[in-house]
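A short write-up of the structure that comes next.
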Amino acid sequence: MADLNALTSSAYSQALEVIASVEPRIAEATRKELADQRSSLKLIASENYASPAVLLTMGTWFSDKYAEGTIGHRFYAGCQNVDTVESLAAEHARELFGAEYAYAQPHSGIDANLVAFWSILAHRVEGPWLEKAGSKNVNELTDADWESLRHELGNQRLLGMSLDAGGHLTHGFRPNISGKMFHQQQYGTDPETGLLDYAKVAAKAREFKPLILVAGYSAYPRRVDFAKMREIADEVGATLMVDMAHFAGLVAGKVFTGDEDPVPHAHVVTTTTHKSLRGPRGGMVLATEEYAASVDRGCPMVLGGPLSHVMAAKAVALAEARQPSFQTYAQQVADNAKSLAEGFLKRDARLVTGGTDNHLVLLDVSGFGLTGRQAESALLDAGVVTNRNSIPADPNGAWYTSGIRLGTPALTTRGFGRDEFDHVAELVVHVLQNTQPGTTKAGGPSKASYALGDGVADKVKDASAEMLDKHPLYPGLELS
Ligand SMILES: *Cc1c(COP(=O)(O)O)cnc(C)c1O
């Protein structure tokens, strides 16, 4: 077999030459991005490094093809190869996740959620409404009937996890469309333990009677019992939608099984493909047979033409995730998160929920006298890339915050193990202990400015470089 490293190196070197012949600054930025990603300690919990095969798949003429519609039923001619691509992506997704139906078209996680919302509305509200009215087609309704149906569609209830407990913007947060198109209420976590309290979720669901119960999160460092969530949904007649955008890799890698696997329990599951799943930037919807037909109408209901080049890359990434090595990777992601959490705890740092059992930890930086914004900036100065994140009942609000979210998927892809993640915790604590909060012009405490101690950034960068050099990103990939 050909040397894949050599092939990849020449493929990218030549591609960059072609790009440089048109706009050299883009070729230059692309080279620089690789260098930056190689030299920083990437702890952003939602990021990863897709394989060269996945990345190369995105750069083709599939981008040039319009293919609105569904497999074998397109609004454009000449879609036979897109059909092959989309069928393979869907087949790999069904096999990998054990799903009855998979829809590979959504362009992103947010788009996947919009498809899911409107599919549920179509199946549970529009369908029954049309049946009652003795009509099959919204185009045949009188204006008055149409107004009445629009009113029904626009007055449904959604219950999701609140943003400051770790939920996502698209789970009913008011500034997001999900918080405007639904009457929304939110469930939180226990103020003492930071953990989900299923009895409280159930009580809220009984009182609010949502059409859709959303489970899933972006910043909750624990597993969720989806069997319990389904029981709650069934009791109140809600559709259970699980957004596994963050932890799809742990589901694919069989780290989350049984009650922790959302696929056998949810009616509809949405995901991104670029986070722990390690595929191209995009989204996907899985569904039971019952919801399949309405999800399949995602285009043109919500989406325009699918990104066929990205669907092709989804198929490649899903094929990778079906290899046994992906299960080893996913288990290592979880083991590394444990080691990172233990590394913080033994250095007296406080973690929301006191630890983790997934791929991320949420560090409360208030004990260091800092806001999340100050901590994020000081860490970045030292080459440690994280993001600030609010913590439950955050006194600093959603902009400055009191937390830092750190995840293990990306560095685990590079080959970092438990010892290295303990060292990462040590470096992060070292930066935060040596960061002083700044003052405003008026002399009061600032939530943004800070001063990092002399020499700290260089020391941490040197220590990181040693680990990063031992675990190169895309080993063997050399650009000429
Ligand atoms: C990241 C994320 C999304 C959004 O994904 P995009 O691809 O950025 O649109 C949706 N839901 C959850 C839970 C996420 O973590």
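The values are calculated or read from the model by the stated rules, or taken from the named source; none is laboratory data. Predicted model, so just to flag it, every value in this text is computed and none were measured. No Cβ is skipped: glycine too gets one built from the backbone with ideal geometry, and neighbour counts run over all protein chains shown.
A few notes on this one:
- Residue in segment 152-167 that is in the same structural domain as Gly282 (by TED's automatic domain parsing), within 30 Å of Arg322 (Cα to Cα) and crowded, with 18+ Cβ neighbours inside 10 Å present: yes
- As for segment 54-61, it holds at least one residue that is over 21 Å from the mean Cα position of the chain (by Cα), more than 13 Å from Val385 (Cβ to Cβ) and outside any helix (DSSP H, G or I).
- Within segment 43-63, being more than 16 Å from the ligand (Cβ to nearest atom), within 23 Å of Pro409 (Cβ to Cβ) and surrounded by 15 or more Cβ atoms within 10 Å (Cβ to Cβ) holds for Tyr49, Ser51, Pro52, Leu55, Leu56, Thr57.
- Filtered by the rule that a residue be within 14 Å of the ligand (Cβ to nearest atom) and assigned to a loop (DSSP other than H, G, I, E, B), segment 195-230 gives Tyr217, Ser218, Ala219, Tyr220, Pro221, Val224.
- Test: Ala393 is under 16 Å from Asp364 (Cα atoms) and loosely packed, with under 14 Cβ neighbours inside 10 Å: yes
- Positions within segment 245-259 being outside any loop (DSSP other than H, G, I, E, B) and within 16 Å of the ligand (Cβ to nearest atom), in sequence order: Ala248, Gly249, Leu250, Val251, Ala252
- Subset tally (residues that are surrounded by 24 or more Cβ atoms within 10 Å (Cβ to Cβ) and within 11 Å of the ligand (Cβ to nearest atom)) for segment 281-294: 3
- Neighbours by Cβ (under 7 Å, 6+ apart or cross-chain): first from segment 205-220, in contact (Cβ under 8 Å) with a residue 40 or more places away in the chain and closer than 18 Å to Asn358 by Cβ; second among the aromatic types (Phe, Trp, Tyr) and within 15 Å of the ligand (Cβ to nearest atom): Ala215/Phe226
- Test: residue in segment 231-244 that is touching a residue at least 12 places away in the same chain (Cβ under 8 Å), within 28 Å of Leu363 (Cα to Cα), away from the ligand (no atom under 16 Å from the Cβ) and not hydroxyl-bearing (Ser, Thr, Tyr): no
- Scanning segment 295-315 for residues that are farther than 23 Å from Pro409 by Cβ, within 16 Å of the ligand (Cβ to nearest atom) and part of a helix (DSSP H, G or I) yields a count of 1.
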